[in-house]
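These notes are about the structure you will find just below.
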Amino acid sequence: MPTRREFLRSSALAGLASVWPGATPRVALQAPCEPDPLAGAQPLGIVRLGGTGAGDVPFHRLLGSGLDARLFTDLADLSPDRLATPTDRFYVRTAYPDLLEPRADWSIRIHGLVRSERRISIADLRAQAEPQGTHLLECAGNNDPGNFGLMSVASWTGVRLDRLLERAAVLPGATRVLVAGFDRHSQVSRTSLPGASWIFTLDEISTTGAFLALEMNGEPLPRDHGCPVRLIVPGWYGCAAIKWVDEIALVDDAAPATTQMREFAARTHQARAFDLARDYEAAAIDVAATPIRIERWRARAGLVYRVVGIIWGGQRPVDMLEIRFNATEPYYPVPLCPPRRDHRIWSLWTHDWRPPSPGIYHISLRVPDSSIRTRRLDLRYYTRSVRIDEV
Ligand SMILES: Nc1nc2c(c(=O)[nH]1)N[C@H]1C(S)=C(S)[C@@H](COP(=O)(O)O)O[C@H]1N2
Ligand SMILES: [Mo]
């Protein structure tokens, strides 16, 4: 039996569906702190979010090819019970390389500072594969303020890289590991350099729990997501999550940075594109937050706009955000209910808002705990705009 509150929610949901064309089953209301101040209020629809320079991109459709291919995830329909991204909606950055022949005998060459070079087959990996949990992936170039849809969440199955390296007879001089994947495309890219590899310290590999993934959401990796094997580095930007992995090399502190590391230096917040891998900071995602939809509600006291948003990234618990609706306005507290504890995925927050007048508002968030690093929030990177016609 649904509780009275759930019942109110679902009938409100039915109302929302009728005024939000084409979106019927996708909407579910975010559970705010108890009690819900909008319980019993009437949902009127959704107000579109945009942003300066926002593109009007179609969602869940592969656009372009090779290194220029993109598929954007629609973040607007996330709800507490639907936080994982279905595989066919998971963002794509770089589609299956047309020069890559699918091979049954795929193997990864492990070489460099190891006692003896060896190859590990997909069958070997499959025999060791284990569930690795649910993790968010975000492209470091997730820069479309219309949506920020180069970001998704999936559950993964694979083999931890530190476990694999324990069996690789690594020589004492090795301090770092290079992971490389197939990256040759017949078409010259407009936006990106070919060559996909990243160098990690051995410590980064074990503290992040980096793993070679064979499955996402319980199915073998689809072609565009790195079939048959890709790297996932929990908490790091997607540029380090090498797809179509075919090489692992043990290296030392003299190893030059890869073209991929140099290409993504600015987007991973490096001071510059250093020559040596050892000068690169971890390509970690700091705590970030952005609105994903704005719901219009008629409450007894008048119109209320409910800003629904996500928080992701970082490694530490966060229990409070602050939201601002224009540069000249103060910040208002957004308590996170419950506090954010699982930093592997995004979680939802809401803020009920009564705009003082019609107009354009630019919504940004910050974390009041100044001991938490928020490089992109500090840059107002995830600011989104909304036009309010009626208050
Ligand atoms: N071989 C290869 N791996 C790659 C890339 C690439 O171009 N080639 N792009 C990287 C980037 S920039 C991102 S954001 C992620 C995207 O993974 P996805 O397409 O499965 O979402 O893959 C990474 N792995
Ligand atoms: Mo990316």
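Look at the stretch 137-158: where a residue is on the phi > 0 side of the Ramachandran plot and among the aromatic types (Phe, Trp, Tyr) and a partner is near ligand 1 (Cβ under 9 Å from one of its atoms) and not in a loop (DSSP other than H, G, I, E, B), sitting 6+ places away or on another chain with Cβ atoms under 9 Å, you get PHE148/GLU138.
For the residues ASP74, ASP88, ASP81, the requirement of being within 23 Å of THR350 (Cα to Cα), among the acidic types (Asp, Glu) and either in contact with a helix residue (DSSP H, G or I) (Cβ under 6 Å, 6 or more places away or on another chain) or at pLDDT 90 or above (or both) singles out ASP74. Within the stretch 240-259, residues that are under 11 Å from PHE200 (Cα atoms) and of a type in the set (Gly, Ala, Ser) sit with their Cβ atoms under 6 Å from residues that are part of a loop (DSSP other than H, G, I, E, B) and within 16 Å of ligand 2 (Cβ to nearest atom), at 6+ positions apart or across chains, in these pairs: ALA240/VAL233; ALA240/ALA283.
Counting only residues that are within 16 Å of ligand 2 (Cβ to nearest atom) and of a type in the set (A, V, I, L, M, F, W, C), the stretch 109-143 holds 4 of them. Checking each residue in the stretch 246-269 for being of a type in the set (Val, Ile, Thr) and either in contact with a Ser or Thr (Cβ under 8 Å, 6 or more places away or on another chain) or within 16 Å of ligand 2 (Cβ to nearest atom) (or both) picks out VAL251, THR258, THR259, THR268.
Being in contact (Cβ under 8 Å) with a residue 60 or more places away in the chain and out of contact with any Phe, Trp or Tyr (no Cβ under 7 Å at 6 or more places or on another chain) is the filter here, so list the residues in the stretch 120-132 that pass it. Show your work before the answer.
Filtering the stretch 120-132 down to residues in contact (Cβ under 8 Å) with a residue 60 or more places away in the chain leaves 122, 125-126, 129, 132.
Correct list: LEU125, ARG126, ALA129.
All conditions but one from (1) within 16 Å of ligand 1 (Cβ to nearest atom); (2) in contact with a Pro (Cβ under 9 Å, 6 or more places away or on another chain) apply to VAL233; the one that does not is (2). If I ask for residues that are part of a loop (DSSP other than H, G, I, E, B) and modelled with pLDDT of 95 or more, which ones from the stretch 331-346 would you list? Answer for the stretch 331-346, where residues must be part of a loop (DSSP other than H, G, I, E, B) and modelled with pLDDT of 95 or more: TYR331, ARG344, ILE345, TRP346. The number of residues in the stretch 195-238 being within 17 Å of the chain's Cα centre (by Cα), on the phi > 0 side of the Ramachandran plot and within 16 Å of ligand 2 (Cβ to nearest atom) comes to 2. For the stretch 271-314, the set of residues classified as surrounded by fewer than 16 Cβ atoms within 10 Å (Cβ to Cβ) and closer than 26 Å to MET151 by Cα consists of ALA271, ARG272, ALA273, GLU281, listed by residue number.
Residue-by-condition table, conditions (1) modelled with pLDDT of 95 or more; (2) touching a strand residue (DSSP E or B) at 6+ places or on another chain (Cβ under 9 Å); (3) surrounded by fewer than 24 Cβ atoms within 10 Å (Cβ to Cβ); (4) part of a loop (DSSP other than H, G, I, E, B):
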{"residue": "LEU231", "(1), (2), (3), (4)": "yes, yes, no, no"}
{"residue": "PRO234", "(1), (2), (3), (4)": "yes, yes, yes, yes"}
{"residue": "ILE242", "(1), (2), (3), (4)": "yes, yes, no, yes"}
{"residue": "ASP246", "(1), (2), (3), (4)": "yes, yes, yes, no"}
{"residue": "ALA249", "(1), (2), (3), (4)": "yes, yes, yes, no"}
{"residue": "ALA265", "(1), (2), (3), (4)": "yes, no, yes, yes"}
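Among the residues of the stretch 149-177, which ones are surrounded by 20 or more Cβ atoms within 10 Å (Cβ to Cβ), more than 14 Å from ALA249 (Cβ to Cβ) and not aliphatic (A, V, I, L, M)?
GLY149, SER152, TRP156, THR157, GLY158
The values are calculated or read from the model by the stated rules, or taken from the named source; none is laboratory data. Quick caveat, the model's predicted, so the values are computed rather than measured. A quick note on method: Cβ atoms are made from the backbone with ideal geometry, for glycine too, and the neighbour counts reach across all protein chains shown.
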